[in-house]
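Any read-out appearing in this document is the output of simple, stated calculations on the displayed coordinates, not a laboratory observation. Just so you know, these numbers come straight off a predicted model, no measurement behind them. Here the Cβ is made from the backbone with ideal geometry for all residues, glycine too, and neighbour counts use every protein chain on show.
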2 protein chains.
Amino acid sequence: MTAPLFPRVAIIGLGLIGSSLARCFQADPTLAGTVVAADRSDAVCARVLDLGLAAEAGTDAAAAVTGADLVILAVPIGACAALAAEIGPRLKPGAILTDVGSVKESVVRDMLPHLAAGVHFVPGHPIAGTEHSGPDAGFASLFQGRWCILTPPAGTDPDAVERVATLWRRCGSMVEVMEPGHHDRVLAITSHLPHLIAYTIVGTATDLEEHLQSAVIRFSASGFRDFTRIAASDPVMWRDIFLNNREAVLEIIQRFTEDLTALQRAIRWGEGETLEALFTRTRAIRRGIIDAKQA
Amino acid sequence: MTAPLFPRVAIIGLGLIGSSLARCFQADPTLAGTVVAADRSDAVCARVLDLGLAAEAGTDAAAAVTGADLVILAVPIGACAALAAEIGPRLKPGAILTDVGSVKESVVRDMLPHLAAGVHFVPGHPIAGTEHSGPDAGFASLFQGRWCILTPPAGTDPDAVERVATLWRRCGSMVEVMEPGHHDRVLAITSHLPHLIAYTIVGTATDLEEHLQSAVIRFSASGFRDFTRIAASDPVMWRDIFLNNREAVLEIIQRFTEDLTALQRAIRWGEGETLEALFTRTRAIRRGIIDAKQA
């Protein structure tokens, strides 16, 4: 039997992403020799052991990372800085640390100061997820056919980057290396703004007069129904994303609002050509996404 | 063999909805004795005959409705008034006229003046669809498990309403009768605003700098991907919806914009509690929709 890709792996945070990764390790024993888990919730730890997702599970993250060759932070990004301070001194020289956060510039800024020179930090973001949360929500095929973006700081050991890339590829992902700021601007558009809008519109609906709201739920059409699914995503995770990708999100909200105002005006003044021209133009982007096999 | 529900049916407009209905008639011969089709496009008429969706198909709507017991208008709502003027004089006494438009108050207002007293007008709206258009996009199970809302004007013959309701039920739909203005306010929230927002955000993305736009398409995540699907819907149909449901749409855009501005402000000032509170509240609506089996 060949040696596993990583002899010892520690996963911190066993939610949707962390537990899906644990299931990937479970499904393919050549990825990790031993998997240990840490989660701040006792209930989650108990569930992880019940599901057989890790050899050990406890609330002490520093203990979990001791001796690990690979440490994966899969927690809301607001928790990354404190965790880095806690586990930083316990990472062994040569260990690889990665994360799965949806914002990369702030994660690099917050975590790097806590890491010793001999530790390899390879920030990552698997662009995959569902609206469900917790250790029971994960599944091994979550990353199949989806992108994982790595944003290593300048000077990171290329071997460490390649080992993390190999892990993601063997979980089914396609890997791209990107500058953290570029990642954050792209995700502000493709993910953060759509989630904010979905949360907003579902919130607007919850404030409606009661008789209108019950009809809205009952006759929920495509469109609103999709938005409610998006707006059922984990609240703390999304709070942290917006707080940590503030500048890119505010910039894209501003552009969006200008464009919406222009459409609002076209509706008010009955400018059918303006509406039809935009509605025709947007079809091309959909074709691009279908061609890129991300539909 | 028992008599069909309608001996002769004319479908005007053979797009996604019209051709799906034609396929329902094809699948269940007890619904209609003879189905004739009219579409302003010669190519669509030829395709309809190729697919065997109607016994006759041509561009002359007035000829198609002659002698029909049921006439179904399945055209963009902006075309309803002119069509009503064209076919109105040719409808036989006792004929039932229905439509499938997504706005009901304007349709009733535009069509009713063209109809003789002996014609039964039962406006309808099947809340079903996909982002695809044209006679090849239809399928018989499109209406399965979906609501169809009927908005008959005051004084409409209850038997006519019941026969249209029976048709929709036998196509797999659940039927609800509603006042047109209430329908339009509900749909403004569940369907029209979500589509407008999806069109807007995809439009915002098409205006990005080229290198950012190609990354947006390539790394399109859940959220944006869903929006592009919605924003690939038929441009003329949606133009007409916004022009005809103007007041209800403008009112809900205004509420939405206020709510988005409040969230934008919370992001700018780092008010995490405000964000988390809303993101938690919106989960409840999703549960309501799942409970209503519309998810």
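What's the magnitude of the charge dipole for the protein assembly as shown around its Cα centre, counting Lys and Arg as +1 and Asp and Glu as -1 at the beta-carbon? Answer in Debye, nearest 20.
That gives the protein assembly as shown a dipole magnitude of about 720 debye.
Using a Debye calculation, one point per C-alpha and no hydration shell, please list log10 I(q)/I(0) for the protein assembly as shown at q = 0.07, 0.09 Å⁻¹ in order.
-0.49, -0.75
With Cβ to Cβ distances under 11 Å as the rule, what net charge do the other residues near B:Gly124 carry (K, R +1; D, E -1)?
Result for the local shell: -1.
Using a cut-off of 14 Å between beta-carbons, work out the net charge of the residues near B:Thr257 (Lys and Arg +1, Asp and Glu -1, B:Thr257 not included).
-2
Residue by residue through the range B:176-191, what is 3J(HN,Hα) from phi via Karplus (6.51 cos²θ - 1.76 cosθ + 1.60, θ = phi - 60°)? Round to whole Hz and write x for glycine and proline.
In residue order, the calculated couplings are 10, 9, 8, 6, x, x, 5, 3, 5, 6, 5, 5, 4, 7, 7, 10 Hz.
Based only on the alpha carbon positions, what is the Kirkwood hydrodynamic radius of the range A:6-178, in angstrom?
Mean inverse Cα-Cα distance, inverted, gives 15.5 Å.
In percent, what relative contact order does chain A have, based on Cα pairs under 8 Å that are 6 or more apart in sequence?
16 percent
Taking the Cα centre as origin and putting +1 on Lys and Arg beta-carbons and -1 on Asp and Glu beta-carbons, what dipole magnitude results for the range B:192-277, to the nearest 20 debye?
200 debye
With a ≥ b ≥ c taken as the square roots of the eigenvalues of the C-alpha gyration tensor of the range B:134-188, please select rounded if a/c is under 1.5 and otherwise prolate if a/b is larger than b/c or oblate if it is not?
oblate
How would you rank B:64-77, B:265-278, highest first, on the average number of other Cβ atoms within 10 Å across their residues?
B:64-77, B:265-278
Using the crude model of +1 on Lys and Arg Cβ and -1 on Asp and Glu Cβ, and no other charge, please compute the dipole size for chain B relative to its Cα centre, in debye to 20.
Around 560 debye, computed over chain B.
Comparing A:Leu193, A:Leu208, A:Leu83, which has the greatest mean-square fluctuation in the GNM of chain A with Cα pairs linked when under 10 Å apart?
Largest GNM mean-square fluctuation: A:Leu208.
What residues qualify as long-range amide H neighbours of B:Ala57, i.e. H under 5 Å apart, gap of 5 or more or another chain, H built at 1.01 Å from N?
B:Ala37
Give the calculated FRET efficiency between A:Leu49 and A:Asp157 to the nearest 0.05, with a Förster radius of 35 Å applied to their Cβ-Cβ distance.
Result of the calculation: an efficiency of 0.55.
Determine the calculated [θ] at 222 nm for the protein assembly as shown from helices alone, applying -39500 (n - 2.57) to every DSSP H run no shorter than 4 residues and normalising by the residue count; nearest 500 deg cm²/dmol.
-15000 deg cm²/dmol
Around B:Ala68, with a cut-off of 12 angstrom between Cβ atoms, what is the net charge of the other residues, counting Lys and Arg +1 and Asp and Glu -1?
Cβ neighbours under 12 Å give a net charge of +1.
If you take the square roots of the eigenvalues of the alpha-carbon gyration tensor of the range B:182-291 and sort them as a ≥ b ≥ c, do you get rounded (a/c under 1.5), prolate (a/b over b/c) or oblate?
oblate
Cα gyration tensor of chain A, axes a ≥ b ≥ c as square roots of the eigenvalues: rounded (a/c below 1.5), prolate (a/b > b/c) or oblate?
Verdict is prolate for chain A.
Have a look at B:Ala68, B:Gln26, B:Ile289 and report the one farthest towards the positive end of the charge dipole of the protein assembly as shown, computed about the Cα centre with Cβ charges (Lys/Arg +1, Asp/Glu -1).
Towards the positive end, the residue furthest out is B:Gln26.
Would you kindly derive the ³J(HN,Hα) couplings of the range B:138-146 from the backbone phi angles with the Karplus curve 6.51 cos²θ - 1.76 cosθ + 1.60 (θ = phi - 60°), listing them in order in whole Hz, with x for Gly and Pro?
Result, ordered by residue: x, 7, 5, 8, 4, 9, 4, x, 9 Hz.
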